[in-house]
1. Could you size up the charge dipole of the range 335-389 around its Cα centre, putting +1 on the beta carbon of Lys and Arg and -1 on that of Asp and Glu, and report it in debye to the nearest 20?
2. Need the full-extension length gain, Asn608 to Tyr449, defined as separation in residues times 0.36 nm minus the C-alpha distance. One decimal, nm.
3. Report, to two decimal places, the Cα Rg of the range 684-768 normalised by 2.2 N^0.38 Å (N = number of residues).
4. Once the principal axes of the Cα atoms of the range 443-557 are found, what is the range along each, listed largest first in whole angstroms?
5. Can you list the HN-Hα couplings for the range 468-480, worked out from phi with the Karplus curve (6.51, -1.76, 1.60; θ = phi - 60°), rounded to whole Hz and with x for Gly and Pro?
6. Picking from Ser511, Phe522, Thr674, whose Cα lies most toward the positive end of the charge dipole for the chain (charges on Cβ: Lys, Arg +1; Asp, Glu -1)?
7. Can you tell me what the convex hull of the Cα atoms of the range 563-637 projects to on average, as an area in nm²?
8. Can you put Lys435, Lys12 in order, fewest other beta carbons within 10 Å first?
Amino acid sequence: MHTKAENEFYVKGNCESCKARIEKAAKDAGADSAEWSAEKQTVTLNFNDQKTSADKILKKIAEAGHDNEKYKSSDSTYKNLPSCCLYDREIPFGEANPKVHLEESTESEHDHAASGGNHETSIEGVTVTAAKASTSLNKKEAGLIFNIDKKELLKAACCNLSESFETNATVDVSFSNAVTGTKQLKMLGLDQKYTSLTKELLPEIRGLASAYGLNFIPGRWIESIQLTKGGSTVTNGYESITGQINTELLKNSEKPETSLNLFADFNGRTEANITSVSKIDDKWSQTFLLHGNGTFGDTDMNDDGFLDRPKGTQLNAAYLLNYNDLEKSGFGSHFGINFIKDERTAGQVGFDKKIQQAQQSLYGVGIDISRFQVWNKTGYVFKGKPYQSLGWMNQYTFHQQDSFFGLRNYSGKQQTYYSNLIFESILGNTNHKYKAGASFMYDGYDENYLTQNFKRNEIVPGAFAEYTLTGLKYTLVAGARVDFHNLAGTQFTPRLNFKYDITPQTILRLSAGRGFRTANIFAESQQYFASNRNIQILENGGNIYGLRPEIAWNYGASLQQEFKLFGRKSSIVADFFRTDFQDQVMVDLDRSPQQLTFYNLEGKSFANSFQTQWDLMPFKNFELRFAYKYYDVQADYLNGRRAVPFMAKHRGFVNAAYSTNKNDKGGFWSFDTTLNIVGKQRLPDTSSNPSQFQLAAYSPSYSVLNAQISRNFNKKIRAYLGGENLTSYSQSNAIVDFKNPFGNYFDGGMVYAPIMKANFYVGLDVTF
């Protein structure tokens, strides 16, 4: 057991917020100084015993919510701590706390690059090791929310957000196009557009950024990801239907560091990242983020004459400025600015982007994107009322895309202003909390496809309220918002989340809610532009491309069970979600292989999603994750009810991660492998094509294996080697009629599997 000094006392806590709360309580009780250590779970006090005493100080700390060796906090005070601060009350004083946040450790982040960052504490000659899971399900939240930290992202290449879910079973990642090589996410059996994708809880990947926006958040910039399945809070907007994925950028000033990451694969892709987090003074801190990548190799593994992925470059830079004076003045603020320039060329090998498409016989694709963002989040905590706060978020986004797909041109500009004001307080006591506020969203779109221009302005003021009821075993979150959309009319969005702790290890969750969105049919369907399908819009009098907005209800239930296996924590989570569309913009690929038809739903459209996941640790440092998913996704098209294409009914997932013990320099090895098993998928109807250009009704099943080995030489240097698609499965004839790209049957959008075979990469991380 840790040998304490005379003025050192055991106090439980988890994170930086706990540290601030404990030290403030101690000083309020008369301490001259107080220093709480997350690693040792102790507070060191200095005080004048003529003015106060250790007993008075520890009592004040308990009143603030933190159990200590003399006093225990009341249950109501403990339960009203923020979810990140809910420490494990059952761990004896002096033992390692597995819930201590990674950033609280005095060790380098690279100490914990393996699957579980281990903390070791000696207790009476016995070494106790506690591991912080790289992906965890928040037991305190009413919703089904997974927290993914930097360690999880280090298990794979994770060059950008689209590759940050390779080791996660909840999100399906797939290629959407055989020419542009972009990846898309799917959740609960539905496309990425039905998931709210935010950055710093601000709208991020939406509108014209839908197709390529996942490439604009580099993996090395990410501090953590919060993934919510099903209905999310109404405070963040109305667009979420299947859930929310929020990305938090690096900005932990308590652990300042500068890092360099270099990456290269064996097929001509290179990448560099520089990140720097530093303190300016006690209140101000800053983060510099710089990313650059380039793809220079002509990769054509299937010998069809087309590049398997685009060539090009991206420059991405961001600056974050943070002000934190919550403990004294109650104010805190976060500023951010981001600029992106991305240029890509795809198509047939040898195509020259500098020469106009009409002047050369080779088929080409060019995509140039410029993006600029500036945002601010400011909050105030009322003095003497830590439960009451006011927050205001603002963001401006400019996005421009200029592109061509063979002889088809598509360009678009989007300007977005978003503002969200949130007030939070209690009703009587902290068991009854509420949030209320107002939001405003402006989207200005100007798109050109071929010779047609589509211009519109969406103006959406809205108001919302949310109530949280907390009991000893249950949590209820009920919210609703009203939005006044100038083109879609007044929309009412209710959402409900309920959690019941059957036992401390068995948790039941229920959710229900509504969401609506306006479809951006061109930006969201660019995977089909690399084809000779003619676009047809069957207008019905709506105000957006002549179509009505999309509206859906989502319902879900989940059961979380924790238990001991092999003497270690294990958990099983099973969930079922159903999404029913009240209205939907149908993307019909079946009407004709030469047509892409958009129209509003007439009939039913639904998605049933079932997933079960088992996490276990058979022995020290070895983690296993198994998952099975079943999807039933159907819709009434003009030609009748069909399964939605490119959606496998059955999917399997296995992830294994092992790390060796750290040596005296902090060095260790880590090994990670992931197997994805994808069942057959319905393919669009091509029966009217000539026989040589017809696809089968269903794709074959296939498996994809990824693996990575990394070596932490010490706390500062890490190298890694990995392989993607080690099973080397690739789709045969991914491009229909690739020999005649300007003919009637050419189609590069019929992708159900990887295009590239096995690909290997190397990387280096250096922390200064």
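1. That gives a dipole near 480 debye.
2. On the way: separation 159, 0.36 × 159 = 57.24 nm, distance 3.47 nm.
The span from Asn608 to Tyr449 would gain 53.8 nm if fully extended.
3. Details: Rg = 19.8 Å, N = 85, 2.2 N^0.38 = 11.9 Å.
Cα-based Rg divided by the globular estimate yields 1.66.
4. Cα spread of the range 443-557 along its principal axes, largest to smallest: 63, 32, 22 Å.
5. Calculated HN-Hα couplings, in order: 10, 10, 10, x, 5, 10, 9, 9, 10, 10, 10, x, 7 Hz.
6. Going by the charge dipole, the pick is Ser511.
7. Numbers: hull surface 29.8 nm².
For the range 563-637, the mean projected area of the Cα convex hull comes to 7.5 nm².
8. On the way: Lys435 20, Lys12 25.
Listing Lys435, Lys12 from fewest to most nearby Cβ atoms yields Lys435, Lys12.
A short reminder: the numbers here are calculations on the coordinates, not readings from a lab. Here the structure is a predicted model, which means the values were calculated and not measured. Cβ atoms come from the backbone with ideal geometry, glycine included; neighbour counts cover every protein chain shown.
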